[in-house]
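The values are calculated or read from the model by the stated rules, or taken from the named source; none is laboratory data. Since we're looking at a predicted model, the values are computed, not measured. In this analysis, Cβ positions are derived from the backbone assuming ideal geometry, glycine residues included, and neighbour counts consider all displayed protein chains.
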């Protein structure tokens, strides 16, 4: 991207593509200020920033992490006070900044991983999570008309650093994510379009801090993909079918130690899965797993 910085943590990142093949994401300039972008129909770039006072500090600005086929973009806006807000940019370029009621910091999409794959559906509905004034995490659904609904999974912890994170939404309005219980173990969940929540755990998942199941993306059929951490801290991929059947998998070359293994982040309409592995040397490698 023109204007991208060339030093550590600077440069351009792409996080999605429209139905017509227009890439979208953000770049960090030489001051580490973030700017959103989307390609135009001729292959050039449209750069956009949030309305209001200009940001001036490092890691402030727009983290554009999700785009749907129509060209609606979502992500995080970090203001000059380093507070996070959600944002939506419609296909005409109009930007809306929002905060769920009760939030002190809003993270849209799979923001803990810096990804927004599947967090914004074709209708413009999006999911994410916010942090309240006690430090508790709550998932949310923001409909295209601006209505925001909090999501709290049964069993989610209610003290600082615990709670619910919503990460994926499909065309039917079904939502997936995970929650942290009082013992800091992660558990997956699926929320149907009527609001009913089903929780689940991948077989082999460990318990305790940084252990358990995380669900990241849900496809149009209701199949969910994610990963779990075992008792030793190694990660393994899983696919949960709409019927509830869970299949686990490991990609060749993945390490087996703590912080190593297979991470699954995206599942498409056909059931193909992509993500990355961390090998025994700590190096990451992308993969595509065909159904």
Open item on the list: Test of understanding: among 262, 245, which residue is surrounded by 14 or more Cβ atoms within 10 Å (Cβ to Cβ), modelled with pLDDT of 95 or more and under 30 Å from residue 192 (Cβ atoms)?
Closed with: 262
Task: Options 275, 271, 286; residue that is part of a strand (DSSP E or B) and farther than 12 Å from residue 227 by Cα - done: 286
Task: Selection within the range 85-99 - closer than 19 Å to residue 163 by Cα and surrounded by fewer than 23 Cβ atoms within 10 Å (Cβ to Cβ) - done: 85, 99
Open item on the list: Here is a check on your reading of the model: is residue 210 more than 22 Å from residue 127 (Cβ to Cβ), touching a residue at least 40 places away in the same chain (Cβ under 8 Å) and either loosely packed, with under 15 Cβ neighbours inside 10 Å or in contact with a strand residue (DSSP E or B) (Cβ under 6 Å, 6 or more places away or on another chain) (or both)?
Closed with: no
Task: Residues (surrounded by fewer than 24 Cβ atoms within 10 Å (Cβ to Cβ) and farther than 22 Å from residue 17 by Cβ) located in the range 117-136 - done: 131, 132, 133, 134, 135, 136
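Taking the stated definitions as given, is residue 190 modelled with pLDDT of 95 or more, surrounded by 24 or more Cβ atoms within 10 Å (Cβ to Cβ) and part of a strand (DSSP E or B)? Before you say what the answer is, go through the steps one by one.
On the way: modelled with pLDDT of 95 or more: yes; surrounded by 24 or more Cβ atoms within 10 Å (Cβ to Cβ): no; part of a strand (DSSP E or B): yes.
So residue 190 fails the test.
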- [ ] Determine whether the range 158-175 contains at least one residue that is touching a residue at least 24 places away in the same chain (Cβ under 8 Å), on the phi < 0 side of the Ramachandran plot, touching a helix residue (DSSP H, G or I) at 6+ places or on another chain (Cβ under 8 Å) and surrounded by 23 or more Cβ atoms within 10 Å (Cβ to Cβ).
- [x] yes
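So which of 36, 75, 71, 25 is under 18 Å from the mean Cα position of the chain (by Cα), surrounded by 15 or more Cβ atoms within 10 Å (Cβ to Cβ), modelled with pLDDT of 85 or more and not in a strand (DSSP E or B)? First the steps, then the outcome.
Numbers: 36 fails: not in a strand (DSSP E or B); 75 fails: not in a strand (DSSP E or B); 25 fails: not in a strand (DSSP E or B).
When all the criteria are applied, what remains is 71.
Please go through the range 242-268 and give me each residue that is part of a loop (DSSP other than H, G, I, E, B), under 21 Å from the mean Cα position of the chain (by Cα) and under 30 Å from residue 122 (Cβ atoms), ordered by number.
Just the residues of the range 242-268 that are part of a loop (DSSP other than H, G, I, E, B), to begin with: 242-245, 250-260, 268.
Retained after the next criterion (residues that are under 21 Å from the mean Cα position of the chain (by Cα)): 242, 259-260, 268.
Matches in the range 242-268: 242, 268.
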- [ ] Working carefully through the options 54, 19, 58, find the one that is at pLDDT 85 or above and either surrounded by 17 or more Cβ atoms within 10 Å (Cβ to Cβ) or not in a strand (DSSP E or B) (or both).
- [x] 58
